[in-house]
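Everything on this sheet refers to the single structure shown next.
The values are calculated or read from the model by the stated rules, or taken from the named source; none is laboratory data. Values in this document were obtained by computation on a predicted structure and should not be read as measured data. Counting neighbours? That spans all protein chains shown, and the Cβs are built from the backbone with ideal geometry, glycine included.
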Amino acid sequence: MTPRFILIGGFLGAGKSTTVGRLARHYTSQGLRVGIVTNDQTNDLVDTHALRNQGFLVGEVAGACFCCSFNELTSTVEELSRGQLPDVIIAEPVGSCTDLVATVIRPLESVYQSPLRIAPYGVILKPSHGRKILVDRQGGGFSPKAEYIFRKQIEEADFVIVNRIDELSADQVQELVQAVEQQYPERPVIRMSAKAGTGFEAYVEFLEQEGSFGQRAMDVDYDVYAEGEAELGWLNSQITLQADTQFDLDQLLVDLISALQQAMQDNDAEVAHLKAIGMADGNYAVANSVSSFTQPELSLASKYQTTSADIVINARVATDPEILESQVRRHVEQACQRVGAQANVHSMQSFRPGRPVPTHRIPVS
């Protein structure tokens with residue numbers, strides 16, 4: 001059977017990783033073999049660790065977005081296919097990327113030699129920024145150049161998923177749906193909570209459609225696109241904590257993410273997302289914050305007490321990378337002091353994304 005290829009778009013913090021996990025569990029429960037491809041500008045990705053800890057087959061394309069590492073994307077797909085071909089391949093691109101129809105979907109159809117059944121391209125809408133940008137027209141705390149990326153992601157979508165509806169009132173959901181329909185007509189809109197499962201069946205049903213997708217013609221100003229991405233400070237870090245007495249892994253992660261979010265607010269730095277995973281003795285927990293104006297949450301609980309843990313932190317914030325790194329180091333140290341632990345920083349990479357240079361770009365004529 002030809003594998004189904006599902007590309008899940010959406011801005012940083014939209015809920016793509018939660019959606020990937022739910023989709024993978026859905027298809028696995030049907031007896032299908034699932035392969036997942038994650039993507040980041042560098043290594044040490046929380047999502048990769050979290051999905052592998054859930055038992056999924058995961059390949060990672062690190063160092064650049066899918067569009068700029070197209071050959072690595074296809075080689076990762078082939079690596080996942082060794083031994084037994086996946087029935088479903090789910091790919092999660094970097095959340096600050098757009099123009100994926102021209103640089104990923106269409107090259108997969110015309111350049112890549114192995115056949116894939118391309119699913120309709122759905123873009124997950126992040127409500128916190130969606131309401132600011134589409135409804136209130138306040139820009140969501142980001143500059144017009146970052147907003148440009150957000151809007152271009154919606155523009156090229158076959159359909160749009162308004163996610164996290166459990167965090168909004170019915171009126172807020174309807175207001176956001178109407179804004180999408182008015183500003184981006186002819187794009188079906190699905191209401192969903194990937195976390196709670198509400199609307200998930202409608203999402204899967206849409207993905208199962210057969211036909212020609214990824215056909216929206218779209219012009220992209222790569223100067224604006226590059227400048228919008230470069231406004232984000234990017235940080236990935238891998239740390240080991242060691243303490244003499246046990247500490248609560250879940251609470252440590254929530255406290256750390258909460259402190260980082262507050263530090264960013266104090267510096268007027270808009271959060272795109274903050275994520276941390278803690279791993280200890282086969283147990284793991286994930287805490288995250290998806291914007292400056294939503295509460296941090298424990299998205300996966302370990303309910304585990306430990307004296308040591310491996311921590312991976314991912315931060316995407318509209319601030320200088322050096323400031324971001326200094327704040328992460330400071331608050332990791334403070335978190336360790338609270339539980340009487342010592343931190344060994346194995347890696348900490350902070351930078352601004354470089355200009356996107358796609359391997360292929362095949363626009364819709």
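Please work out which one of (1) small (Gly, Ala, Ser); (2) buried (at least 19 other Cβ atoms within 10 Å of the Cβ); (3) within 24 Å of residue 48 (Cβ to Cβ) is the condition residue 301 fails and give its number.
Tallying (1) small (Gly, Ala, Ser); (2) buried (at least 19 other Cβ atoms within 10 Å of the Cβ); (3) within 24 Å of residue 48 (Cβ to Cβ), residue 301 fails exactly one: (2).
Is it the case, given these coordinates, that residue 132 is surrounded by 23 or more Cβ atoms within 10 Å (Cβ to Cβ) and among the basic types (Lys, Arg)?
No: the conditions fail for residue 132.
Checking the structure you have, find out if any residue of segment 141-158 is at negative phi, buried (at least 19 other Cβ atoms within 10 Å of the Cβ) and of a type in the set (Lys, Arg).
Looking for residues that are at negative phi, buried (at least 19 other Cβ atoms within 10 Å of the Cβ) and of a type in the set (Lys, Arg), one finds at least one in segment 141-158, hence yes.
Kindly indicate whether any position in segment 208-216 is within 28 Å of residue 286 (Cβ to Cβ) and either surrounded by 18 or more Cβ atoms within 10 Å (Cβ to Cβ) or at pLDDT 95 or above (or both).
No: segment 208-216 contains no residue that is within 28 Å of residue 286 (Cβ to Cβ) and either surrounded by 18 or more Cβ atoms within 10 Å (Cβ to Cβ) or at pLDDT 95 or above (or both).
Go through 107, 120 for me and flag whichever is in contact with a His (Cβ under 6 Å, 6 or more places away or on another chain) and either over 19 Å from residue 10 (Cβ atoms) or modelled with pLDDT of 90 or more (or both).
Result of the check over 107, 120: 107.
Tell me the residue from 28, 98, 42, 38 that is under 25 Å from residue 357 (Cα atoms), of a type in the set (Val, Ile, Thr) and surrounded by fewer than 24 Cβ atoms within 10 Å (Cβ to Cβ), please.
42
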